[in-house]
Structure formats: C-alpha cells, structure tokens
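The values are calculated or read from the model by the stated rules, or taken from the named source; none is laboratory data. This structure is a prediction, so every number in the text was calculated from the model and none was measured. Cβ: placed from backbone, ideal geometry, glycine included. Neighbour counts: every protein chain shown.
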Amino acid sequence: MSLTWDAPWIANLLTALSHGVLALAVWRWFRTLGFSLGAGVAAMVLLTLPMAYDVMHWPTAMPTALAGLCAVAVARLSMSAPTTERKIANALGVALLTFVACCLNEQAVACMGAVALLPLATTQALRRRLAAAATTVLAVGLPSLGYILLVRLTAPSTHRGGTSTLVSPARWLERGGRVFEQSWSQLLGPYGRDLTLGGLEVGLPSLGIVGVVLLVVAVAAGFVWVWRSAPRVPTEDRSPALLWLAVFGLAWFVLGLVPFVVVQTGPIEARHVYLPIVGLLLVALVVCRVTGRTLPVRLTRTIGAMAASVVVLWSCVAAVSLVGIQTTLRDRYQMDMAEAKAIAALYPDPAPGSVFVIARAAWREADTGRSHYDMRFWSAWQMDHMATAVLRHEFGHDDIYAKHRFSIALGAPASEFSAKGWTVGLSDGPAWDGGRLPPGLIEWDRLLVLRIEDDGSVVPIDRLALIRQEQPAEVVPLPAVQVRNLEPPPKRFDVRLR
C-alpha cells in the first residue's frame, strides 16, 4: 500500500471492496441456510456496521475481510460435506482455505473451529453427518496445527502467539470475562455508542444536498424491498436444524474471541468483533424464525417486515456515521502528514540508520471536539510501525526508524543503556513491520529525538534523562542534535524506565 500514500483513496477503495464482498458472501451463505429476507437484513447490518470502520478504511486490516471470506467458504463446504460425492476434493478445499486464512488472520481460523457443527445441522443420516463432522475437524485442525508449529519454529518468542505472549491458563477465566465485557462495549456499549453518534454528527454536515437526496432514496428503496420481499403465504421451511445453527452461531462468536483470551494483547478494539458478529447475526435470524413459528402467518409477515424496515433505517443512519468516520480519518491523516513535514524541516538530512524517538506526541487523535469519539483515532506517532512508515515516506528512503518513548520505557528489561548507546532487545521493535529495529547497539549519535506539541509544532530534544527506580537520573547528551543550530532551542526529556 506504500504506492498509494499520495492517493489514499485507492487503498480505501480496495479495503471497502473486500468488506463489501464479504457482506455479499454472508448474504449468499445465509440464503442457502433458508433465510431469504433475513439474509439481506443481516448482510446490510454487517455492511454498514460502524464498528467495522477500520476494516473498511485501513489497508492493513484488509486481510481480516479476506480471511472472513475464507471462513464463509469453509462453512459452505462443510455444510455440503454430508451430501457431496467428491469428499476428498471437499476436504482438500477446506484444508487449503484454512491455511490461507491462518496466514491472513488467525481470528478467522478460531471462528472456523465451529464449522464442524454444520454437518450436524443437515437432514442426512446420522452416520453421514458424524463422518462429515469428523472429516471437517481434521481438514480444519491439521492445517491450523501446522501453521502454529511453523510459527513456533520460525518466529521469535515475542511474536504474537509465541511462548512469551501466551496467557497462563490460570488467568483464562478472568481474562475471558474482561474480553467479553470489552467486546460488548464495542458493539452495544459506550464505545460503540460514542463511535456511532460521533460519526453521525460529523457525517451529516458532510453529506450536502446530493448526499441527503441519496440517503432518502436509499431509505425509500429499502422499505419497498422489505415489503415486497416479505412472504405473503407460508413457504416451505428449507432451513437446516435450527438448534444446531444457533449453537454454531454462538460457537462462532465465542471462538472468535478466544485468541484474545489465550494470547496477551491490548484491549479489544472495534475490528476484533468484526468477524465474531457474523455468528451473532445468524443466532438472531434463528431466534426470529423460531418466534415466527408461534405466531399467525399474517402477523408474522407484518412484524417481520416492520423489524426489517427498522434495520433498513438503522443501516442508512450507520452509513452516514461511516461517512463521518471516514472524514475524521482523512483529517487525522492530514494532521500526521503535516507533522511529518515539520519533523523533516527540523531534521532535513538524517544519516542512514538514524532512529527518530518521539519523546512526546500530544494526544491529538482527532479534533472534532467530541473527546470520547476523538480518542478512537490515534496519532501515527503513538505506534512504532506507523511512525516508521510515515517518516520513511516523508524522507523517501528505508534506512531510518522511529520509536515512541513508551517503547523505550516499557522495553527497559530487554534493553541496556551505556556510554556507547542503547542496546535494543528483541522486544523493543514493532513485531509486524519492516521497520522493526534489529537487535544490537544504537549509538547515541544516531538518535534524533523530538516532541510534538498540542499545536502540531515540533521541538528538538538534545538530552535524555534516563530515570530508573530508586536511582539518580542519568543524563545522556545526543550528539546528532547538539551539533545543529536549531529553532526552537532544544530541551531535555525525562524517560522513566520500568
């Protein structure tokens, strides 16, 4: 995606298309399960889900949607396993898609752990269903175990899923409760609410007259589609066993969050509930189908059409919220680029191997005035891999690095500081980017340290005070900064090491 720096709409279009194709695949899948109107409603919810904004807008999140496509394909193949005559080809297809999904996004493979339940939901003989379920377990499990073994053998222990990142089984219950609580907050709790309402407030003024007209047309078309699609007479129930589908949907959701229980990660973000929510949508359709069976046909049609109309209206509102979120992301991108130019003006000629240390980046995530909404849009300088990518683009060469001061403080146990420089351990670099700092000594004259103020201006730092617990501060001069005649005058910065 580095080719699209100056035209970010290209990357945004590609990620949006991958998300749209996944929503289309979910619609087709749910239709094969016997849900006609419900399949369209569920796909519409997934398509316009504000909490999926980073999967729609971030190029680096595109593998999440692509892995989701693999998971949907595996689910459909597993559903057909009891009836197909080409069982070997079916199992090989499942195995290949599983390994591809492993390489794209491990969370999708966790969701796929539930697909062994799908053959049990068919109407075939019990023996055929059990044989298909066992085959599916092997077809999904063996490639997944092979991928895990490959990671353990080739990746450092600090890589996600490595030995040092695993959570002790004694903490799984406690961590699981926290993960599910945060997931609920992202979907229907404060985080999801603040994100949706903030995007709506930003998006409405951005629509203009043409946007408002298109929105009204979309709502009207949605209402017409709902009422024309709602069945007027009882239709033949072609859906598989609903109990098994409900169990499968819940298992898909729960298993999709298990990786965040067993592997040490940060807090649950919006994109982490993107794939698991597909299981909840299926459960909702099953509940609606079971409820409808207890009501008169005409009443079922009316209530179903009214509920679908509400979802159409919600999806249009959510689409406006996504417009606002995209507007905020664009503004955040422009702020990052302006700050990168200010850094380049301060240090215009970094030597090969220079390491930029962002001693302080003001928490300027976004600037809409809605604090709970703005905090969702992080500055590039708060993550090493993003800061490295932005500065490499700005300077036009790939032999420089960037680090946030938190990665120095938190990486102290794996680091050593001496008169020669800073010896970096494996845990000090970004784990998933080409800008990862290789282990070794970084001489003090390679460090270019700065701080970014609230107004976006850049201040040079020519001295670091390394402060360890119960020890006096160790002031380290930075030759690469002190030899320059800089304005504003350089300052000292304290780094408290843990």
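Numerical summary
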quantity: Single unsatisfied condition, GLN124 versus (1) surrounded by fewer than 19 Cβ atoms within 10 Å (Cβ to Cβ); (2) within 26 Å of the chain's Cα centre (by Cα); calculated: (2)
quantity: Residue identified as closer than 20 Å to VAL312 by Cα and in contact with a Leu (Cβ under 9 Å, 6 or more places away or on another chain) among VAL179, VAL212; calculated: VAL212
quantity: Selection status of PRO276, surrounded by fewer than 15 Cβ atoms within 10 Å (Cβ to Cβ) and in contact with a helix residue (DSSP H, G or I) (Cβ under 8 Å, 6 or more places away or on another chain); calculated: no
quantity: Close pairs from the stretch 152-181: first on the phi < 0 side of the Ramachandran plot, partner modelled with pLDDT of 70 or more and among the acidic types (Asp, Glu), Cβ under 9 Å, at least 6 apart; calculated: ARG160/GLU106
quantity: Pairs with Cβ under 6 Å, 6+ apart, first in the stretch 198-225 and farther than 30 Å from ARG301 by Cα and of a type in the set (S, T, N, Q), second part of a helix (DSSP H, G or I) and at pLDDT 85 or above; calculated: SER206/VAL323; SER206/THR327
quantity: Residue in the stretch 157-172 that is in contact with a Ser or Thr (Cβ under 9 Å, 6 or more places away or on another chain), assigned to a helix (DSSP H, G or I), modelled with pLDDT of 85 or more and surrounded by fewer than 20 Cβ atoms within 10 Å (Cβ to Cβ) present; calculated: no
quantity: Number of the exception - THR388 against (1) β-branched (Val, Ile, Thr); (2) touching a strand residue (DSSP E or B) at 6+ places or on another chain (Cβ under 6 Å); (3) at pLDDT 90 or above; calculated: (3)
quantity: Qualifying position, being modelled with pLDDT of 80 or more, under 31 Å from the mean Cα position of the chain (by Cα) and crowded, with 18+ Cβ neighbours inside 10 Å, among VAL424, VAL458, VAL495; calculated: VAL458
quantity: Output for the stretch 322-349, where each listed residue is of a type outside the set (A, V, I, L, M, F, W, C) and touching an Asp or Glu at 6+ places or on another chain (Cβ under 9 Å); calculated: GLY324, THR328, ASP331, ARG332, LYS341
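So that you can scan it fast, the table gives a plain yes or no per residue for (1) more than 26 Å from PHE99 (Cβ to Cβ); (2) in contact with a Ser or Thr (Cβ under 7 Å, 6 or more places away or on another chain); (3) surrounded by fewer than 20 Cβ atoms within 10 Å (Cβ to Cβ):
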position	(1), (2), (3)
LEU33	no, yes, no
MET44	yes, yes, no
MET51	yes, no, no
LEU69	no, no, no
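Each row is one residue, and each column tells you yes or no for (1) at pLDDT 85 or above; (2) more than 17 Å from ALA305 (Cβ to Cβ).
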{"site": "ALA218", "(1), (2)": "no, yes"}
{"site": "PRO231", "(1), (2)": "no, no"}
{"site": "SER239", "(1), (2)": "no, yes"}
{"site": "GLY279", "(1), (2)": "yes, yes"}
{"site": "VAL283", "(1), (2)": "yes, yes"}
